[in-house]
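Worksheet: one structure, shown below.
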Amino acid sequence: MSAQVSAATNDAEERPAYWGGVLAMSLCVFALIASEFMPVSLLTPIASELNVSEGEAGQAIAISGAFAVLTSLFISSIAGHLDRKVLLLALTGVMAVSGTIVAIAPNYVIFMVGRALIGVVIGGFWAMSAATAMRLVPERHVPKALAIFNGGNALATVVAPPLGAFLGSIIGWRGAFFIVVPIAVFVFFWQMTSMPSMKAERRPGSGNVFKLLKSPLVALGMASVGLFFMGQFALFTYVRPFLETVTQVDMPTLSLILLGIGLAGLVGTSLIGMFLKNGLYGTLIVIPVGMAVIAAILIGFGYSLPVTATVLGIWGLIGTAAPVGWWTWLARSLPQDAEAGGGLMVAVIQLAITLGAVVGGVFFDLSGYQMTFAASAVLLLIAAFLAARTAAMGNR
C-alpha cells in the first residue's frame, strides 16, 4: 500500500497542475463562443451596413460552424508533431486576426472570411480541449479542468447576445466584434506564461479520426453523444415560440426564463465534477432521461408558468453540464487518442445540433410543439439507452 501511495505521490510531483493554463483556456473559450453567437443580436446593423439581407447576415453563424466541423476533423493530422502549446498560441493569434478582419470588413465577402477564421479557431480549440486538459492537470483533476473550460462556454452562451446588443448600441457592431482582439492578445500572453510545452504525443494513424469508429466503444459513445445533442436542440431551438404561444409569456418574462436557464447551466457546470468522479456512466445515463421527462412535462403542463419555468431551469442545470461528462468519458476512454477523439466529438456535436434543429423544425411546422417535444424525448431516451450500452462495454 505504501508503495502505491509513494508511486501516486511521485506521479503527482512529475505532473504538476497548471491551473493558470486551464483558466486561460476558459477565457479563450468564452471569447470564442461569444464571438460565434454575437451576430445573433447584431444582424440588423450588419445587414444594413454591408447591404445584404438579414438572412445572408445570419449565415455568419453557419459559416463559423461549418469551418469548426472541418477543422475539428483534420487539425490533429495537419498539425503533425507541432508542439500543442505553439498550436494553441497560433489559434489564439488567428482569433485576434478574425476579430480585426470582421471589424474592418469593407464588404460581405471579407466579413465572411473573418467569420470562417473564427470557426477554424473554435474547431481547433474544442478538438484539443480534452487532450489539453490531460496535459495541464493530473488525471484525477481532468473533469474539473473540463468543467472550467465548459464554464467559459456556458457563460458566453448566457451573455453573448445581450452583450452584443449592448455594445452594438454604444460602439457599433464593428466595435462589438473588435472587443475580442484585446481579449485574444491578453489570452495569448497568459497562455504563453502559464502553459508548459506540450510536445505532440502521436502514434501511427492517430490523426485519422474516422478510424476511431472501428472501436465499438467509441462508435456507441459517439452515437449516444449525437442523439443526445439532437434531442436537446430539437426542443431547445423552439423553446421561445413555445413560451410565447403556449405559456403565453411577455418579453420581460421570456428574457428572465432564458436568463434563468443560462444561470442554471453555470451552476450545473460547476457542480457536475462531483458526480463524475465516481459515477461517470450513471451521470451520462441519468441526464438524458431527466431531460426526456422534462420534455414530457412541458407537453402536459406547458401552459403553467411556474411549472414551465422550474423544469426549464432544471433543463439548463443538467443539459448545459452534460458535455463535461462526455468530454470526461473521451479523456478516460481514449487517453492515447484524445486529440483525434476530440475532433470527432466536435464534428458529431455540431452536426447533431444542426440535425436536431432541422428535425424539430419539421415537426414544429407539421404538428406543433407536442410532436417536436415528443421527438426530443424519444431521441434523449435512445441516447440514454446507448449510454447504458457504452457503460456496459466500457466496464468490461
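The values are calculated or read from the model by the stated rules, or taken from the named source; none is laboratory data. Because the structure is predicted, anything quoted here is derived from the model rather than measured. Counting neighbours? That spans all protein chains shown, and the Cβs are built from the backbone with ideal geometry, glycine included. Ligands, DNA and RNA are excluded from the accessible area calculation, which covers all protein heavy atoms including side chains. Shrake-Rupley method; radii C 1.70, N 1.55, O 1.52, S 1.80 Å.
Among the residues that make up the stretch 85-100, is at least one of them assigned to a helix (DSSP H, G or I) and over 23 Å from Gln191 (Cβ atoms)? Within the stretch 85-100 (the criterion being assigned to a helix (DSSP H, G or I) and over 23 Å from Gln191 (Cβ atoms)), the answer is no, since none of the residues qualifies. Against the list (1) surrounded by 20 or more Cβ atoms within 10 Å (Cβ to Cβ); (2) modelled with pLDDT under 80; (3) under 19 Å from the mean Cα position of the chain (by Cα); (4) not acidic (Asp, Glu), the condition Gly168 fails is (3). All of Ala184, Ala127, Ala133 fail the test of being modelled with pLDDT under 85, buried (at least 24 other Cβ atoms within 10 Å of the Cβ), in a helix (DSSP H, G or I) and in contact with a Gly (Cβ under 7 Å, 6 or more places away or on another chain), apart from Ala127.
Contact list please: Cβ distance under 9 Å, first residue in the stretch 266-281 and more than 23 Å from Leu155 (Cβ to Cβ), second residue of a type outside the set (Ser, Thr, Tyr) and at pLDDT below 85, pairs at least six apart or on different chains. Sorted first by the residue in the stretch 266-281, then by its partner, the pairs are Lys277/Arg140; Lys277/Pro143; Leu280/Pro143; Leu280/Arg332; Leu280/Gly394; Tyr281/Gly394; Tyr281/Asn395.
Is it fair to say Asn150 is among the polar types (S, T, N, Q) and open to solvent by less than 10 Å² (accessible area, probe 1.4 Å)? Yes; evaluated as a whole, the condition is true for this residue.
Restricting the stretch 85-100 to residues that are buried (at least 20 other Cβ atoms within 10 Å of the Cβ) and of a type outside the set (Gly, Ala, Ser), the residue that is farthest from Ser197 (Cα to Cα) is Met95.
Of the helices (runs of 4 or more DSSP H) lying entirely inside the stretch 228-318, those containing at least 1 residues that are of a type in the set (Ser, Thr, Tyr) and buried (at least 18 other Cβ atoms within 10 Å of the Cβ) are 251-276, 280-301.
Scanning the stretch 201-226 for residues that are surrounded by 17 or more Cβ atoms within 10 Å (Cβ to Cβ), small (Gly, Ala, Ser) and modelled with pLDDT under 90 returns Ser206, Gly207.
Select from the stretch 187-200 the residues that are open to solvent by less than 30 Å² (accessible area, probe 1.4 Å) and under 20 Å from His81 (Cα atoms) and write down the one among them that is modelled with the lowest pLDDT.
Filtering the stretch 187-200 down to residues open to solvent by less than 30 Å² (accessible area, probe 1.4 Å) leaves 187, 191, 194-196, 198, 200.
Next, from what is left, pick out any that are under 20 Å from His81 (Cα atoms): 191, 195-196, 198, 200.
Numbers: Gln191: 91, Met195: 88, Pro196: 86, Met198: 81, Ala200: 68.
Taking the candidates together, the pick is Ala200.
Please find, within the stretch 270-322, the residue that is nearest to the chain's Cα centre (by Cα) out of those that are hydroxyl-bearing (Ser, Thr, Tyr) and over 20 Å from Leu379 (Cβ atoms).
From the stretch 270-322, those hydroxyl-bearing (Ser, Thr, Tyr) are 270, 281, 283, 303-304, 308, 310, 320; that's our starting set.
In the following step, the residues that additionally are over 20 Å from Leu379 (Cβ atoms) were identified as 270, 303-304, 308, 310.
Working: Ser270: 15, Tyr303: 31, Ser304: 31, Thr308: 25, Thr310: 24 Å.
That would be Ser270.
Can you find even one residue in the stretch 52-66 that is part of a loop (DSSP other than H, G, I, E, B) and at pLDDT below 85? Yes: one or more hits.
For the structure I just gave you, tell me whether Val348 is modelled with pLDDT under 90, among the β-branched types (Val, Ile, Thr) and either in a helix (DSSP H, G or I) or open to solvent by less than 40 Å² (accessible area, probe 1.4 Å) (or both). Please lay out each step first, then the result.
Values: modelled with pLDDT under 90: yes; among the β-branched types (Val, Ile, Thr): yes; either in a helix (DSSP H, G or I) or open to solvent by less than 40 Å² (accessible area, probe 1.4 Å) (or both): yes.
For Val348, the condition - modelled with pLDDT under 90, among the β-branched types (Val, Ile, Thr) and either in a helix (DSSP H, G or I) or open to solvent by less than 40 Å² (accessible area, probe 1.4 Å) (or both) - is met.
Checked against (1) touching an Asp or Glu at 6+ places or on another chain (Cβ under 9 Å); (2) under 17 Å from Ala184 (Cβ atoms); (3) surrounded by fewer than 21 Cβ atoms within 10 Å (Cβ to Cβ); (4) not aromatic (Phe, Trp, Tyr), Ser64 passes all but condition (3). Which members of the stretch 103-124 meet the condition of being β-branched (Val, Ile, Thr) and either out of contact with any helix residue (DSSP H, G or I) (no Cβ under 6 Å at 6 or more places or on another chain) or surrounded by fewer than 20 Cβ atoms within 10 Å (Cβ to Cβ) (or both)? Across the stretch 103-124, the qualifying residues are Ile104, Val109, Ile110, Val113. Scoring Leu82 on the criteria (1) open to solvent by 10 Å² or more (accessible area, probe 1.4 Å); (2) assigned to a helix (DSSP H, G or I); (3) hydrophobic (A, V, I, L, M, F, W, C) leaves a single failure, condition (2). Annotation note: Cβ proximity below 9 Å between a residue of the stretch 143-157 that is touching a residue at least 12 places away in the same chain (Cβ under 8 Å) and a residue that is open to solvent by 10 Å² or more (accessible area, probe 1.4 Å) and among the charged types (D, E, K, R) (sequence gap 6+ or interchain) occurs for Pro143/Lys277; Ala156/Glu36.
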